[in-house]
Amino acid sequence: MTLISAISTRIIQLCNKREITVNKLSTICGITQSTLEGIVNKKFINPKTLTIVRICRGLDIQLKDFYDSPLFDEIDDD
């Protein structure tokens, strides 16, 4: 799995867990909808760490919790 695929899937998982849409998450995080949709739709290949931090703040989780998923165990970005 590529890094962007893992990030995209993780965002969707966390939104589903909290029963919110990606659009709602963008509002909560203060990230534009187009930016968050670009990450989720894998159009932005390398999102900034600060963007992930803002997503974590919006979800009220720590950065380590975001990456604490088997999705990130085997990243293949050769």
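The values are calculated or read from the model by the stated rules, or taken from the named source; none is laboratory data. Note that the coordinates shown come from a computational prediction; the quantities given were computed from them, not determined experimentally. Every residue, glycine among them, receives a Cβ derived from its backbone with ideal geometry; neighbour counts consider all protein chains shown. Calculation scope for accessible area: heavy atoms of the full protein, side chains included, ligands and nucleic acids excluded. Shrake-Rupley method; radii C 1.70, N 1.55, O 1.52, S 1.80 Å.
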Every residue from segment 10-41 that is more than 15 Å from Leu59 (Cα to Cα), in contact (Cβ under 8 Å) with a residue 12 or more places away in the chain and open to solvent by less than 80 Å² (accessible area, probe 1.4 Å): Thr35, Glu37, Ile39, Val40
Qualifying residue in segment 23-30 (condition: modelled with pLDDT of 95 or more and in contact with a Cys (Cβ under 7 Å, 6 or more places away or on another chain)): yes
Qualifying position, being surrounded by 16 or more Cβ atoms within 10 Å (Cβ to Cβ) and at pLDDT below 95, among Phe44, Phe66: Phe44
Filter result for Thr2 (touching a residue at least 40 places away in the same chain (Cβ under 8 Å), loosely packed, with under 15 Cβ neighbours inside 10 Å and polar (S, T, N, Q)): yes
